[in-house]
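*Asks:* Got a structure for you, written out below as structure tokens; questions coming shortly.
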Amino acid sequence: RLVEERTAMLAARTRQLEAVRAVSAEITSELNLTTLLDLILRRGLELVGAATGTIYLWEEADRVLVPQTWQGPYRWLSELRVRPGEGVVGTVAQRRCGMLVNDFRTSPYATPFLLERTTHTAVLAEPLLYHGCLLGVVTINNEGTDRRFTDQDQSVLALLASQAAIAIENARLYEAIQRHAAELEQKVRERTQELAAANAELAASSQHKSEFLANMSHELRTPLNSIL
């Protein structure tokens, strides 16, 4: 029986790791940041069998975590800002390591704000780190049930988060390149317009010069003809 249980656990673990590998290949091919974040969250929920979750991105200028995409009836998240050390999300960002919090509603990380607005019973969170730099935090929640997250759930989400961070950085780099290319294209258009205007002015000046010389030639020939 122990061998059978162990074999079943290993088979489940293998299937989960294969799923993570497939998801990693899928997300690394997506370069639109908004689409990518939504894809990461949906796949993360599928991997651990949860219904709701959120991806926060770190804003260095204000030093806060800002929700970018979420699953669940939480439109108010668009107004939420989380500072390092606040709740599960802020603690994960501050410590740069994942957290598994079962019995969330009685934990010290359950802020009154979240207790009032959610039915979270368990929270799983992982930092999105790229070469040690914090990009954000992904959270997965169990809602209104007694289901608990496992260490295996946490390890799977950690694997996904590591691949997600690379994909996010690639998408940001791609968007930066696209913006730079658009700026260069705009500058080229502006320069082309300036050159066209300058050429038009030169053409007009040349035309005026030709007309002036023609008039002067006519004015000079008239008295010279009489003298001749």
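Taken together, the values in this text are just the output of simple stated rules run on the coordinates, not laboratory data. Predicted model only: the values in this text are computed from it and were never measured. Cβ sites come from the backbone with ideal geometry, for glycine too, and all protein chains shown count toward neighbours.
*Asks:* Please label the shape of segment 30-160 as rounded, prolate or oblate, based on the square roots a ≥ b ≥ c of the eigenvalues of the alpha-carbon gyration tensor (a/c under 1.5 means rounded; beyond that, a/b larger than b/c means prolate, else oblate). Walk me through the intermediate numbers first.
*Replies:* Values: a/c = 1.32, a/b = 1.16, b/c = 1.14.
Since a/c stays below 1.5, the shape of segment 30-160 is classed as rounded.
*Asks:* Sticking with this structure for a sec: Where does segment 40-114 land on Rg(C-alpha)/(2.2 N^0.38 Å)?
*Replies:* Numbers: Rg = 12.5 Å, N = 75, 2.2 N^0.38 = 11.3 Å.
In units of the 2.2 N^0.38 Å rule of thumb, it is 1.10.
*Asks:* Any idea how far the Cα center of segment 1-72 sits from the one of segment 98-139, in Å?
*Replies:* Taking the Cα centre of each part, segment 1-72 and segment 98-139 sit 15 Å apart.
*Asks:* Same structure again: Averaged over every viewing direction, what's the projected area of the C-alpha convex hull for segment 133-228? Give it in nm², one decimal, please. Each step should come with its number before you reach the end.
*Replies:* Values: hull surface 48.3 nm².
Convex hull of Cα atoms, orientation-averaged projection: 12.1 nm².
*Asks:* Kindly state, to the nearest 0.05, the FRET efficiency for Glu175 paired with Ser107, given R0 = 41 Å and r defined as their beta-carbon distance. If you can, show how the numbers build up before the last one.
*Replies:* On the way: r = 37 Å, r/R0 = 0.90.
The computed FRET efficiency comes out at 0.65.
*Asks:* Taking 8 Å as the Cα distance limit and 6 or more residues as the minimum spacing, I'd like the relative contact order of segment 95-179 as a percentage.
*Replies:* Values: 107 pairs, mean separation 23.7, N = 85.
28 percent.
*Asks:* What number, rounded to the nearest 500 deg cm²/dmol, is the helix-based mean residue ellipticity at 222 nm of the chain, given -39500 (n - 2.57) per DSSP H run of at least four residues and division by all its residues? Don't skip to the answer; put the middle values down first.
*Replies:* Numbers: 5 runs with 134 residues, N = 228.
For the chain, the value works out to -21000 deg cm²/dmol.
*Asks:* With each label point set 7 Å from Cα along the Cα-Cβ vector, what nm distance links Leu31 and Arg147?
*Replies:* Between Leu31 and Arg147, the simple spin-label model gives 3.7 nm.
*Asks:* With label points built 7 Å along Cα→Cβ from the Cα atoms of Glu4 and Ala158, find their separation and express it in nm.
*Replies:* 3.2 nm
*Asks:* Taking only C-alpha pairs under 8 Å that are 6+ residues apart, what is the relative contact order of the chain in percent?
*Replies:* On the way: 295 pairs, mean separation 45.3, N = 228.
It rounds to 20 percent for the chain.
*Asks:* Among [x] 1.35; [y] 0.99; [z] 1.48, find the value of Rg/Rh (Cα atoms, Kirkwood Rh) that was calculated from the structure presented, and write down its label.
*Replies:* [z]
*Asks:* About its Cα centre, what dipole magnitude does segment 68-175 give when the only charges are +1 on Lys and Arg Cβ and -1 on Asp and Glu Cβ, stated in debye to the nearest 20? Provide the component values of the computation, followed by the final result.
*Replies:* Details: 10 positive and 11 negative charges, 40 e Å.
For segment 68-175, the charge dipole is close to 200 debye.
*Asks:* What are the membrane-span-like helices in the chain by this rule: whole DSSP H runs, Cα extent along the axis at least 24 Å, mean Kyte-Doolittle hydropathy at least 0.0? Before the final figure, lay out each step's value.
*Replies:* Details: long enough: 2-27 (37 Å, 0.13); 151-227 (113 Å, -0.38).
Membrane-span-like by this criterion, though nothing is claimed about a membrane: 2-27.
*Asks:* Quick one: length gained pulling Arg75 to Ile227 fully straight, 0.36 nm per residue minus the C-alpha distance?
*Replies:* 45.1 nm
*Asks:* Here is a further query. Using a simple spin-label model with points 7 Å from Cα along the Cα→Cβ vector, what separation in nm is obtained for Thr119 and Glu183?
*Replies:* Placing both labels 7 Å beyond Cα along the Cβ direction yields 4.8 nm.
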